[in-house]
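Data block below; observations after.
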Amino acid sequence: MRYAVMSDIHGNIVAFEQVLKSLAEHGVDRYLCLGDIVGYGARPNECCDLVRELDHVAVSGNHDLAASQPGLERWFTSAARASILWTRETLTSDNLDFLQSLAVTTSAGDARLCHASLTDTSTYVAWPEQAMESFGLMDGRLCFFGHTHYAEWFVQNQAGKLPEQLTAASGAVVRLEKGYRYMINPGAVGQPRDGDSRAAFAVYDDMASTVEIFRVEYDIASTQKQIVAAGLPSGMATRLSNGR
Ligand code: ZN
């Protein structure tokens, strides 16, 4: 089975459609979505609709939770909070139900899926020390996560040992080897923050035991216009240009 691995779409339908176009060329059977389908971007319904049309397995992100559960927005920065309130107003009841129905962690084949970490939807895994806790909760060899919006991966060759952290450059192929365990972040579709403004995603081939990392250019200006036209905080538009 070949899986598309996508995270942090964040209401950016232009980037999401470009990623799906690219995935159609790579050939995938199922779509894994690691949460934060909404938040920041101006097309939350279109992104939810598109995920729901795909043969997908999805988990909930912190923005998905906050958009669908009043009260949770108080934990966010003021700009993020403004976008969450706007998103909640904008989402159809069908899409609110869809977001509420998502689990915090789940599995697809032999891979565990979560948004931020295996402990909860908002604890960042940005350093090996932070990855340790999730490695401790894994029963298989592989976990996909997002939330940091950085394409990167952690590999551990012995339980309890500090994992190694590696950057996942575009075109990189992670070969899953026996005796090793992996936590892989495909990067963000809709709001990269690792300095590369292109939309990020991965393809997991469980027969070949490989995870390929990809970046694809999309029409950033078009997404920026949507964000400004919706009256969302302008910083959410400008940051897309520099991928930070
Ligand atoms: Zn996110």
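The values are calculated or read from the model by the stated rules, or taken from the named source; none is laboratory data. Since we're looking at a predicted model, the values are computed, not measured. Cβ coordinates were reconstructed from backbone atoms using ideal geometry, including for glycine residues, and neighbour counts include every protein chain displayed. The area values use the complete protein model at the heavy-atom level, side chains included, leaving out ligands, DNA and RNA. Shrake-Rupley method; radii C 1.70, N 1.55, O 1.52, S 1.80 Å.
Quick notes on this one:
- Residue tally, condition open to solvent by less than 10 Å² (accessible area, probe 1.4 Å) and either outside any strand (DSSP E or B) or touching an Asp or Glu at 6+ places or on another chain (Cβ under 8 Å) (or both), over region 5-20: 9
- Hits in region 43-81 - residues which are touching a Lys or Arg at 6+ places or on another chain (Cβ under 9 Å), in a loop (DSSP other than H, G, I, E, B) and at pLDDT 95 or above: 54, 55
- Test: residue in region 82-96 that is open to solvent by 10 Å² or more (accessible area, probe 1.4 Å), outside any helix (DSSP H, G or I), away from the ligand (no atom under 16 Å from the Cβ) and over 18 Å from residue 68 (Cα atoms): no
- Of all residues in region 97-111 being of a type outside the set (S, T, N, Q) and assigned to a helix (DSSP H, G or I), the one that is least open to solvent (accessible area, probe 1.4 Å): 99
- Taking the criterion of being in contact with a helix residue (DSSP H, G or I) (Cβ under 9 Å, 6 or more places away or on another chain), surrounded by fewer than 16 Cβ atoms within 10 Å (Cβ to Cβ) and under 17 Å from residue 124 (Cα atoms), the only residue of region 65-78 that qualifies is 75.
- Within region 30-43, residues that are more than 10 Å from the ligand (Cβ to nearest atom) have Cβ atoms under 9 Å from residues that are acidic (Asp, Glu) and open to solvent by 10 Å² or more (accessible area, probe 1.4 Å) in these pairs: 30/55; 31/55, counting only partners at least 6 apart in sequence or on another chain.
- When residues in region 44-64 are screened for being open to solvent by 40 Å² or more (accessible area, probe 1.4 Å) and touching a residue at least 40 places away in the same chain (Cβ under 8 Å), 2 of them pass.
- Flag if residue 193 is out of contact with any strand residue (DSSP E or B) (no Cβ under 9 Å at 6 or more places or on another chain) and either within 18 Å of residue 23 (Cα to Cα) or in contact (Cβ under 8 Å) with a residue 12 or more places away in the chain (or both): yes
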